[in-house]
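The values are calculated or read from the model by the stated rules, or taken from the named source; none is laboratory data. The structure presented is a predicted model; accordingly, all values stated were derived computationally and were not measured. With ideal geometry, Cβ positions are generated from the backbone for all residues, glycine too; neighbour counts draw on all protein chains shown.
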Amino acid sequence: MTDTAAPRTPTAPSNELATPPTTAPNTAPASGTRTVLGTCHHDCPDSCGWVVTVDDNAEGETGAAPVAVKLRGNPDHPYSAGELCPKVNRFLDRVYSPERLLYPLRRTGPKGSGEFERVSWDDALAEIAENLHRVIDEHGAEAVLPYSDAGNQSLLSLMGLSGRFFGHMGATKLVRAICGVTVGAGMSKTMGSPRGLDPMEHEHSKLMILWGTNTRLTNRHLWPTIEKARANGARLIVIDPILCKWPAW
Ligand code: SF4
């Protein structure tokens, strides 16, 4: 257990797991480009703001097309203050990766062998339908268990067509989440309610206990708020069975 009450100057968490953006967020867009403001689409409560530079005349496989050429955190976003996270810092590499999956593949070898063949959308959908019908004929529709959650949080993927499709089929119903519900149950058991504070309110805390959480790396946007509270004299107690990476006290 570590206990500290020493006030510290607020600092943003270091980006040990990622390569930070190489250009300052406020750099003016080059000629022929424009800047678009957006919000990270991941199912993550931080909802980081981002700034994207788009080149409208980038050369693509089919000629000139708008291409996002730079992405960085929005310094005006109150909670993330210009920092994204290791998962998203290289988001554009992922979006434009030549290895991105763009068409259906059928596995041709044992699981894990990485052997696949490309099939048409018609063949893929026909095979999925055939397998669903086989399972339903043999065991009933409740033998089908759809599992998905927020995904990119779009209305279609989160609560759109799949619900109607599986509802019409009579498939097994699932709460459709393993993280939020678990957190809510844990909060209710210990705090009496699943509702928590606005994380930025922690700035006014006088005593903070981080129990079994690697906050500095896995809840990185909370860290500057913790540092602000400490600078205001808050006491921080860390209880952790493993040695996490904490700043020097
Ligand atoms: S912490 Fe990462 S995943 Fe979460 S909203 Fe920010 S950039 Fe997206």
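Listed here are the residues, each with its yes/no results for (1) assigned to a loop (DSSP other than H, G, I, E, B); (2) modelled with pLDDT of 50 or more; (3) within 11 Å of the ligand (Cβ to nearest atom); (4) touching a Gly at 6+ places or on another chain (Cβ under 6 Å).
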site: Leu17; (1), (2), (3), (4): yes, no, no, no
site: Pro21; (1), (2), (3), (4): yes, no, no, no
site: Ala28; (1), (2), (3), (4): yes, yes, no, no
site: Asp43; (1), (2), (3), (4): yes, yes, yes, no
site: Asp46; (1), (2), (3), (4): yes, yes, yes, no
site: Trp50; (1), (2), (3), (4): no, yes, yes, yes
site: Thr53; (1), (2), (3), (4): no, yes, no, no
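Among the charged types (D, E, K, R) and touching a strand residue (DSSP E or B) at 6+ places or on another chain (Cβ under 9 Å): which single residue out of Arg134, Arg107, Arg94 fits that description?
Values: Arg134 fails: touching a strand residue (DSSP E or B) at 6+ places or on another chain (Cβ under 9 Å); Arg94 fails: touching a strand residue (DSSP E or B) at 6+ places or on another chain (Cβ under 9 Å).
Selected residue: Arg107, the only one of Arg134, Arg107, Arg94 that is among the charged types (D, E, K, R) and touching a strand residue (DSSP E or B) at 6+ places or on another chain (Cβ under 9 Å).
If you check His204, His221 for being at pLDDT 85 or above and touching a Ser or Thr at 6+ places or on another chain (Cβ under 6 Å), only one passes: His221.
Take Thr35 and decide whether it is away from the ligand (no atom under 16 Å from the Cβ), in contact with a Pro (Cβ under 7 Å, 6 or more places away or on another chain) and at pLDDT 55 or above. Against the criterion (away from the ligand (no atom under 16 Å from the Cβ), in contact with a Pro (Cβ under 7 Å, 6 or more places away or on another chain) and at pLDDT 55 or above), Thr35 qualifies. Screening Leu236 with (1) free of Cβ contacts under 8 Å to residues at least 12 places away in the same chain; (2) closer than 22 Å to Glu83 by Cβ; (3) surrounded by 15 or more Cβ atoms within 10 Å (Cβ to Cβ) gives one miss only, at (1). Just a yes or no: is a residue in the range 161-175 loosely packed, with under 11 Cβ neighbours inside 10 Å, at negative phi and in the same structural domain as Val51 (by TED's automatic domain parsing)? Among the residues of the range 161-175, not one is loosely packed, with under 11 Cβ neighbours inside 10 Å, at negative phi and in the same structural domain as Val51 (by TED's automatic domain parsing), which makes the answer no. Checked against (1) modelled with pLDDT of 50 or more; (2) in a loop (DSSP other than H, G, I, E, B), Glu59 meets all criteria but (2). Across the range 62-98, the qualifying residues are those that are in a strand (DSSP E or B) and touching a residue at least 12 places away in the same chain (Cβ under 8 Å), and the one among them that is nearest to the ligand (Cβ to nearest atom) is Gly73.
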